[in-house]
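Heads up: the structure comes next, in structure tokens.
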Amino acid sequence: MLGTFWKEVRGTLSRVVKHPYFGFVLLGVALLIVRRFAELGMVSPSLYKSISSMMIYSIIALGFSLLLGYAGLASLGTAGFVGLGTYFIGHFSGTLQKPFGITLLVALGGAIVLGAVVGFVSLRIEGMYLAIITLGLSEILKEVFKSFTAFTNGVTGLTFRNFMMFGKPVPDAAVDQAIILVFVLVIIATLNIINSPTGRALLAMKNSDSAAQSMGIGLMKYRLLAFVLATVYAVIAGLLYMADIKFSIPGTWSLDFSLNILAAVVVGGAQSILGILLGVFMIFGLNMTVLQNIPFFRQYPDATWILSGVLIILVTMFYPGGLIRLLQALRLKIILLVRNLRKRWRKYRYGEDD
């Protein structure tokens, strides 16, 4: 009786561990523990702030991976979309003190409209020309951020104060927990999209428009969906950025930011969630958590851009699938090496092969 019980328990635990969400939920729990350590002074607050920023950048990159890695659509407008999210929450929930629910509805509505507009444009323009169009849209948004002072406070930047929900101020601890929760939920949502018929339709559209259409895949529907998803991800990240950093300035949302997101997706692997997280660390996190502690890079901060550029060149030349492919190749080599050593040992010890 007891043996049957423990057998069922082991079977249940095995199913839980093998569930595709298990690793990401475990990551969320680990991040909550790290945040608690930061509260207790066991982890540097600046280190945790860097981890929090990487989670926000990862949300942006995950949306961009759906657009580039699966739909095959190029965009350089990411920075403008994220900036729009910061000003939505800064203006409505900060300046006007509107309920956060209203801010969220306005932000998501704006993201859907903006994504749909760019998606319609993508029906007539592709490749490099589409990237230029989205870059132009981002630059227009940047100038709007500078000029529309009633909404953004202009070039001096907008400070986000007195964030209220249900009539009570939201503490920083709640914001940190919300970032972790949204981060994990976005990863799970992205995983579901990738493994769904929608993800397969986006991938088919990327490989060949003609073949996709012959299979009954509507280009307009899925191009609109790809841009809407990427824009919604970016605007949500903008909301979290403003809630965390509490300040937004137009100069932040420039071409440099869009290119860094693009670099993170390309370096990590545009079709892998783990690759995206790795790419965000290499482009953003490595500088924030490691290089800034090295005197040389503190004295010459522009050297970090040189290092990122070299990394991008090397990955593009030798591992166009991203660093995740390099890790997969190393894992396979290690497995083969272990098996070979095991086989040699058995032959030496017992005089037999596997």
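The values are calculated or read from the model by the stated rules, or taken from the named source; none is laboratory data. If you're wondering where the values come from, they're calculated on a predicted model, not measured in any experiment. A quick note on method: Cβ atoms are made from the backbone with ideal geometry, for glycine too, and the neighbour counts reach across all protein chains shown. For accessibility, only protein heavy atoms count, side chains too; no ligands or nucleic acids. Shrake-Rupley method; radii C 1.70, N 1.55, O 1.52, S 1.80 Å.
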Considering only residues that are open to solvent by less than 30 Å² (accessible area, probe 1.4 Å) and out of contact with any Phe, Trp or Tyr (no Cβ under 6 Å at 6 or more places or on another chain), which ones fall in the range 115-135?
A116, S122, L130, A131, T134
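Condition check ((1) modelled with pLDDT under 90; (2) in contact with a helix residue (DSSP H, G or I) (Cβ under 7 Å, 6 or more places away or on another chain); (3) farther than 23 Å from S122 by Cα) across all residues:
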residue	(1), (2), (3)
V182	no, yes, yes
A201	no, yes, no
S208	yes, no, no
A212	yes, yes, no
G218	yes, no, no
Elements of type helices (runs of 4 or more DSSP H) in the range 258-332, at least 2 residues being open to solvent by less than 80 Å² (accessible area, probe 1.4 Å):
273-280, 286-289, 303-318
Failed condition for G3, given (1) at pLDDT 90 or above; (2) surrounded by fewer than 18 Cβ atoms within 10 Å (Cβ to Cβ); (3) not hydroxyl-bearing (S, T, Y)
(1)
List, please: which pairs have Cβ atoms under 8 Å, are six or more places apart or on different chains, and start with a residue in the range 36-47 that is acidic (D, E) and end with one that is outside any loop (DSSP other than H, G, I, E, B)?
E39/A173
Would you check which residues across the range 210-238 are surrounded by fewer than 22 Cβ atoms within 10 Å (Cβ to Cβ) and among the small types (G, A, S) and list them?
S210, A211, A212, S214, G216, G218
Per the filter on the range 69-108, residues of a type in the set (V, I, T) and either under 19 Å from Y241 (Cβ atoms) or touching a residue at least 40 places away in the same chain (Cβ under 8 Å) (or both) are T78, V82, T86, I89, T95, T103, V106
Could you tell me which numbered condition N207 fails, if it satisfies all but one of (1) touching a residue at least 24 places away in the same chain (Cβ under 8 Å); (2) surrounded by fewer than 13 Cβ atoms within 10 Å (Cβ to Cβ); (3) under 19 Å from F92 (Cα atoms); (4) among the polar types (S, T, N, Q)?
(3)
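Residue by residue, here is whether (1) within 29 Å of L27 (Cα to Cα); (2) at pLDDT 90 or above holds:
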site	(1), (2)
V82	yes, yes
G94	no, no
F120	no, no
L130	no, no
S147	no, no
F151	no, no
F163	yes, no
F166	no, no
Pairs, first closer than 13 Å to R161 by Cα in the range 233-251, second aliphatic (A, V, I, L, M), C-beta under 7 Å, six or more apart:
M242/I89; A243/I89; A243/V175; D244/I56; D244/V175; D244/I179; S248/L158; S248/M242
When residues of the range 161-174 are filtered for being hydrophobic (A, V, I, L, M, F, W, C) and under 12 Å from S93 (Cβ atoms), how many remain?
4
With the structure loaded, tell me whether V175 is surrounded by fewer than 20 Cβ atoms within 10 Å (Cβ to Cβ), of a type outside the set (F, W, Y), assigned to a helix (DSSP H, G or I) and in contact (Cβ under 8 Å) with a residue 40 or more places away in the chain or whether it fails that test.
yes
Tally, over the range 53-75, of residues that are open to solvent by 20 Å² or more (accessible area, probe 1.4 Å) and farther than 24 Å from T289 by Cα
3
Just to be sure I understand, how many residues within the range 12-52 are among the basic types (K, R), at pLDDT 90 or above and open to solvent by 50 Å² or more (accessible area, probe 1.4 Å)?
2
